[in-house]
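So the structure is just underneath, and the comments pick up after that.
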Amino acid sequence: MEFSCKAFKVGKCEGQKVVDGETMPLVLQPPEPNKGDMDSLLFAVKENKEWFEQMIIKNSAVLLRGYNVNNAQDFNEILESFGWDDVRYFGPAPRKHVYKRVWTANEGPLSDSIYYHHEMVLIKESPGKVILFCEIPALEGGQTPFVPSFRVTEMMLKEFPKVMEEMEEKRLKYTLTALSKNDKPSMRGRGWEDVFGTSDPAEAERRAKALGMDMEWLPNGSVKAILGPASLTKVFDGRKGRRTWFNTLVGMHGKEHSSAMMADGTEIPENVVKRCEEIVEEESIQFEWEKGDVLFFDNFALLHGRRPALPPRRVLVATCK
Ligand SMILES: [Fe+2]
C-alpha cells in the first residue's frame with residue numbers, strides 16, 4: 001500500500017500521538033493553498049477513495065483540515081462522495097436529524113461529558129466509521145478525545161490476567177433502565193418509546209428482541225433491557241490482529257441506570273473497573289477542534305467521548321458501514 005498521495009498533504013495537529021508506529025490522527029490538508037475549496041476536496045476524495053479508506057484503517061483516525069467545509073450540506077457531499085452505506089443510529093443519545101446523512105452528535109447539555117465508547121457497541125451491526133464535522137468549535141473544551149482500544153486490552157491483560165481470562169470466558173451481561181417518556185434533558189434521557197420508535201410495549205419488546213435484548217417491565221412504566229452474553233474483546237478483520245476493547249464495561253458498571261457484570265452474575269471487582277477507567281484516560285488522545293474539521297474514526301479500533309464544553313459548539317455526525 002502506498003502511504004502517500006499527491007492529492008493530500010500530511011499535516012500536524014497539537015495532541016496527536018504515535019501509537020504502535022501510526023500517527024493518530026493522521027492530518028490531511030490541501031496539497032496547495034488554493035486547493036482548499038469544496039470542489040477540489042470532492043475531486044480529491046473521489047479519485048482516492050480506496051486510499052483514504054485504507055488510511056482510516058491504518059491510522060484509526062484521519063482529520064481533514066484546512067478545507068472550506070462550511071455546513072451540513074458540505075459535510076453531506078463529502079459523505080456522498082465516499083459512498084459508504086449509512087448505518088442508522090440506535091441508542092440512548094438524543095440526536096436531531098439535520099440533513100440527509102447528517103445528525104447532531106448529541107443534544108444533551110454541553111456542560112456534561114460523554115464517556116468513552118465504541119459507537120453502538122451493544123448492537124449487532126455497529127458502524128465501521130464514525131465521521132464528525134465541526135461546524136462551530138466550542139468556546140472552551142468540547143474536544144472529542146479518543147483511545148486506541150487495543151491498548152486498553154493490552155494494559156488490562158498485563159495488570160489483571162486472571163480476571164481478564166475469567167471475563168473473556170464467561171462474557172459480560174449488561175442492564176440498562178430506560179424510563180418511560182423523555183426524562184429531563186440528559187445524555188441518556190430518551191424514554192423507551194423514543195428509543196424503540198413505538199409506544200406499544202409489545203412492539204418495543206419485539207424490536208428489542210431483534211436487537212438481541214431481553215426486556216423486563218418495571219411497575220413505574222420504565223423498562224430494564226438486559227443485554228448479553230457479550231464478548232469482552234473482539235478482533236476485527238484487517239486490524240493487525242489487535243484485540244479491541246469492544247465493550248462498555250466502565251461506562252455501564254455500577255451506574256444509577258445501568259450495570260455490567262459477568263454473564264453468570266459474577267461481579268467484576270471494583271478495583272478492576274477503576275483501574276480500567278484510569279487506563280482509558282491515560283491512553284487517550286485529543287486535539288482542539290477547528291471550524292471546518294472533518295474527522296474519520298475507525299469505530300472498530302477507537303473508543304471516543306466528549307469533554308464538557310462552553311457553548312456555542314456544534315459538531316455533526318454520520319455513522320457509516
Ligand atoms: Fe459516539
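The values are calculated or read from the model by the stated rules, or taken from the named source; none is laboratory data. All figures in this text were calculated on a predicted structure; none of them were measured in a lab. Because the Cβ atoms are built from the backbone with ideal geometry, glycine has one as well, and the counts that use them run over all protein chains shown.
Among the residues of region 126-144, those that are touching a Leu at 6+ places or on another chain (Cβ under 9 Å) and either without any contact (Cβ under 8 Å) to a residue 12 or more places away in the chain or not polar (S, T, N, Q) (or both) comprise V130, I131, L132, F133, C134, E135, A138, L139, E140, G141, G142. Across region 298-313, the qualifying residues are those that are part of a strand (DSSP E or B) and not aliphatic (A, V, I, L, M), and the one among them that is farthest from the ligand (Cβ to nearest atom) is D298.
Only one of the numbered conditions (1) within 16 Å of the ligand (Cβ to nearest atom); (2) over 25 Å from V18 (Cβ atoms); (3) surrounded by 17 or more Cβ atoms within 10 Å (Cβ to Cβ) is not met by F160, and that is (1). Among the residues of region 241-271, those that are farther than 16 Å from L302 by Cβ, in a loop (DSSP other than H, G, I, E, B) and in contact (Cβ under 8 Å) with a residue 40 or more places away in the chain comprise H257, A263, D264, G265, T266, I268, P269. Identify, by number, the condition in (1) touching a strand residue (DSSP E or B) at 6+ places or on another chain (Cβ under 6 Å); (2) within 16 Å of the ligand (Cβ to nearest atom) that A263 doesn't meet. Of (1) touching a strand residue (DSSP E or B) at 6+ places or on another chain (Cβ under 6 Å); (2) within 16 Å of the ligand (Cβ to nearest atom), only one is false for A263: (2).
Applying the criterion of at least 2 residues that are surrounded by fewer than 17 Cβ atoms within 10 Å (Cβ to Cβ) to the strands (runs of 3 or more DSSP E) found wholly in region 1-116 leaves 9-11, 17-19, 97-99.
A single entry from K274, K291 fulfils the requirement of being more than 16 Å from the ligand (Cβ to nearest atom), free of Cβ contacts under 8 Å to residues at least 60 places away in the same chain and either within 15 Å of the chain's Cα centre (by Cα) or over 17 Å from Y89 (Cβ atoms) (or both): K274. Entry remark, region 137-172: residues being part of a loop (DSSP other than H, G, I, E, B) and among the β-branched types (V, I, T) number 1 in total.
Against the definition (at pLDDT below 95, more than 12 Å from the ligand (Cβ to nearest atom), assigned to a loop (DSSP other than H, G, I, E, B) and within 19 Å of A301 (Cβ to Cβ)), how does E125 come out, yes or no? Lay out the reasoning, then the answer.
Values: at pLDDT below 95: yes; more than 12 Å from the ligand (Cβ to nearest atom): yes; assigned to a loop (DSSP other than H, G, I, E, B): yes; within 19 Å of A301 (Cβ to Cβ): yes.
Taking the combined requirement at face value, the residue satisfies it.
Every test in (1) of a type outside the set (A, V, I, L, M); (2) out of contact with any Asp or Glu (no Cβ under 7 Å at 6 or more places or on another chain); (3) in a loop (DSSP other than H, G, I, E, B); (4) modelled with pLDDT of 95 or more is passed by F287 save one, and that test is (2). Put simply, of A208, A225 the only residue that is in a helix (DSSP H, G or I), surrounded by 15 or more Cβ atoms within 10 Å (Cβ to Cβ) and not assigned by TED's automatic domain parsing to the domain that holds G128 is A208. Checked against the criterion of being under 17 Å from V315 (Cβ atoms), within 16 Å of the ligand (Cβ to nearest atom) and modelled with pLDDT of 95 or more, the candidates Y89, Y99, Y116 yield just one match: Y116.
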